[in-house]
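These notes are about the structure you will find just below.
Read the figures in this text as sums done on the coordinates, not as results from a lab. On a predicted model such as this, the values are computed, not experimentally measured, just so you know. Here the Cβ positions follow ideal geometry from the backbone for every residue, glycine too, while neighbour counts run over all protein chains shown.
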Amino acid sequence: MNKSKFIERVLFLLALSSISSLVIITIFIFEEGLPLILHTGLKDFIFSTHWAPTKGFFGIGAMIVSSLLVTLGAMILGVPLGLACAIVLAEFSSLRLRRLLKPTLELLAGIPSVVYGFLGVVWLVPLIRDHLGGPGLSLLAAAVILGIMILPTVISISIDALTAVPDVYRDGSIALGATEWQTVRRVVLPAASSGIITAVILGMGRAVGETMAVIMVAGNAIKLPTSILEPVRTLTSNIALELGYAAGRHREALFATGIVLFIIIMILNFSTTLITRRR
């Protein structure tokens with residue numbers, strides 16, 4: 001066996017081990033969680049808002065709504081800011097400034113989520129409580145923190161998508177009399193739309209799966225929120241808070257919650273792949 005064949009087989013085994021790990025995790029989660037879903041019924045499990053596992057009630061509807069609202073709030077705050085930052089760095093700043101700021105912004109992704117949560121508790125929560133009312137620990141606080149946390153993903157991938165657009169597009173637009181902003185808005189952004197959509201979806205996946213920072217600033221009340229200033233509990237927070245002491249059906253319900261999260265993340269990842277290939 002020559003050296004290249006040996007390396008090829010080693011890489012194949014490494015790739016196979018990664019896929020095997022994913023398959024094992026998937027089987028384990030479904031094996032632990034499916035019995036509870038079959039016992040409770042998919043409709044009652046997904047749409048009921050009554051979560052009292054010690055009394056036999058396993059409705060996660062309120063937590064699904066809370067997770068979606070927190071994620072939506074994070075996208076509303078994070079995507080416009082991240083896209084604007086990417087446009088400035090990719091189209092209107094010098095190459096030296098881009099090379100300096102892009103790695104700096106990407107460092108935000110390396111900050112532990114507990115640090116974001118701590119900063120939210122110390123600064124953001126009192127700010128909301130003093131100026132907007134409510135307990136401060138709220139849907140709004142969680143959305144703001146997650147909006148900041150998804151910025152590195154949105155900015156980095158959007159910059160790569162914008163810089164991948166050929167310069168001939170820009171030169172042709174400017175030669176036809178368009179201004180630099182008109183060129184960006186009507187030529188560059190449509191050409192980079194697949195990469196930007198990918199950035200948004202991956203940022204959404206990061207927001208859906210975040211746990212520690214949300215636990216610290218969301219308030220963790222199990223109810224349907226009627227205001228952005230009310231406390232909420234997300235799916236990830238519920239698993240992290242209760243898995244340590246759960247047993248029996250309660251434990252199965254938390255694994256079933258993990259199945260719901262798993263499916264949501266898989267849908268987002270497949271959507272990213274389909275959009276990228278279609279574009």
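Using +1 on the beta carbon of Lys and Arg, -1 on that of Asp and Glu, and nothing else charged, what's the dipole of region 61-278 about the Cα centre, debye to 20? Intermediate values should be presented prior to the final figure.
Working: 15 positive and 11 negative charges, 38 e Å.
Result for region 61-278 is approximately 180 debye, rounded to the nearest 20.
Which order, highest average first, do 57-69, 221-233, 125-137, 148-160 follow once you tally other Cβ atoms within 10 Å for each residue and take the mean per peptide? List each step's numbers first, then the result.
Details: 57-69: 20.6, 221-233: 17.9, 125-137: 15.7, 148-160: 23.5.
Packing proxy ranking, top to bottom: 148-160, 57-69, 221-233, 125-137.
Taking 2.2 N^0.38 Å as the expected size of a compact globular protein, what ratio does the Cα radius of gyration of region 4-81 give against it, to two decimals? Walk me through the numbers on the way to the answer.
Values: Rg = 20.2 Å, N = 78, 2.2 N^0.38 = 11.5 Å.
So region 4-81 has a normalised radius of gyration of 1.75.
If each residue's Cβ is checked for other Cβ atoms within 10 Å, how do 32, 180 rank with the fewest at the top? List each step's numbers first, then the result.
Working: 32 16, 180 13.
Listed from fewest to most nearby Cβ atoms, that is 180, 32.
Where does the chain land at 222 nm, in deg cm²/dmol rounded to the nearest 500, when only DSSP H runs of n ≥ 4 count, each adding -39500 (n - 2.57), divided by all residues?
On the way: 14 runs with 196 residues, N = 279.
Here the helix-only value at 222 nm equals -22500 deg cm²/dmol.
Pull up the cross-link candidates among the lysines for residue 43, meaning alpha carbon to alpha carbon under 22 Å and not fewer than 8 places away within one chain.
Cross-link targets: 55, 223.
Find how many whole Å separate the alpha carbon centroid of region 220-279 from the alpha carbon centroid of region 41-87.
Region 41-87 and region 220-279 have Cα centres spaced 7 Å from each other.
Using modelled amide H (1.01 Å from N, peptide plane; none on Pro or chain starts), what sits under 5 Å from the amide H of residue 58, excluding residues fewer than 5 places away?
For residue 58, whose amide H was placed from the backbone, the distant partners under 5 Å are 52.
For region 3-47, give the magnitude of the charge dipole about the Cα centre (Cβ charges: +1 Lys/Arg, -1 Asp/Glu; no others), in debye to the nearest 20.
400 debye
Which one, 262, 74, 53, projects farthest toward the positive side of the charge dipole computed for the chain from Cβ point charges (K/R +1, D/E -1)?
Farthest along the dipole direction, towards plus: 262.
When the convex hull of the C-alpha atoms of region 42-127 is computed, what volume per residue in Å³ does it have?
So the per-residue hull volume is 169 Å³.
Can you compute 3J(HN,Hα) from phi for each residue in region 184-195, using the Karplus curve 6.51 cos²θ - 1.76 cosθ + 1.60 with θ = phi - 60°, rounded to whole Hz and x for Gly and Pro?
Here the 3J(HN,Hα) series is 5, 6, 9, 10, 5, 4, x, 5, 9, 4, 5, x Hz.
Can you tell me which of 189-196, 234-241, 138-145 comes out highest on packing, and rank the rest after it, using the mean Cβ neighbours within 10 Å? Could the numbers behind the result be given before it?
Working: 189-196: 18.1, 234-241: 21.5, 138-145: 27.4.
Output ranking for 189-196, 234-241, 138-145: 138-145, 234-241, 189-196.
Per residue of region 131-142, in order, report the coupling 6.51 cos²θ - 1.76 cosθ + 1.60 (Karplus, θ = phi - 60°) as ³J(HN,Hα) in whole Hz, putting x for Gly and Pro.
Coupling constants for region 131-142: 10, 10, x, x, x, x, 6, 7, 4, 4, 4, 5 Hz.
Hey, how much of the P(r) for region 52-195 falls beyond 24 Å, as a percent of Cα pairs?
Details: 4980 of 10296 pairs.
In whole percent, the long-distance tail amounts to 48.
Across 5 Å bins from 0, what is the distribution of all Cα-Cα pair distances for region 169-266, in whole percents?
Whole-percent P(r) values from 0 Å outward: 2, 11, 14, 14, 13, 9, 7, 7, 7, 7, 5, 3, 1, 1.
When averaged across all projection directions, what area in nm² does the alpha-carbon convex hull of region 128-215 cover?
Numbers: hull surface 30.1 nm².
In nm², the orientation-averaged hull projection of region 128-215 is 7.5.
Counting residues in region 3-47 as N, plug N into 2.2 N^0.38 Å and put the Cα Rg over that result.
Working: Rg = 18.4 Å, N = 45, 2.2 N^0.38 = 9.3 Å.
For region 3-47, the normalised Cα radius of gyration comes out at 1.96.
With point charges of +1 on the Cβ of Lys and Arg and -1 on the Cβ of Asp and Glu, referenced to the Cα centre of the chain, which listed residue (137, 231, 154) lies farthest in the positive direction of the dipole?
154
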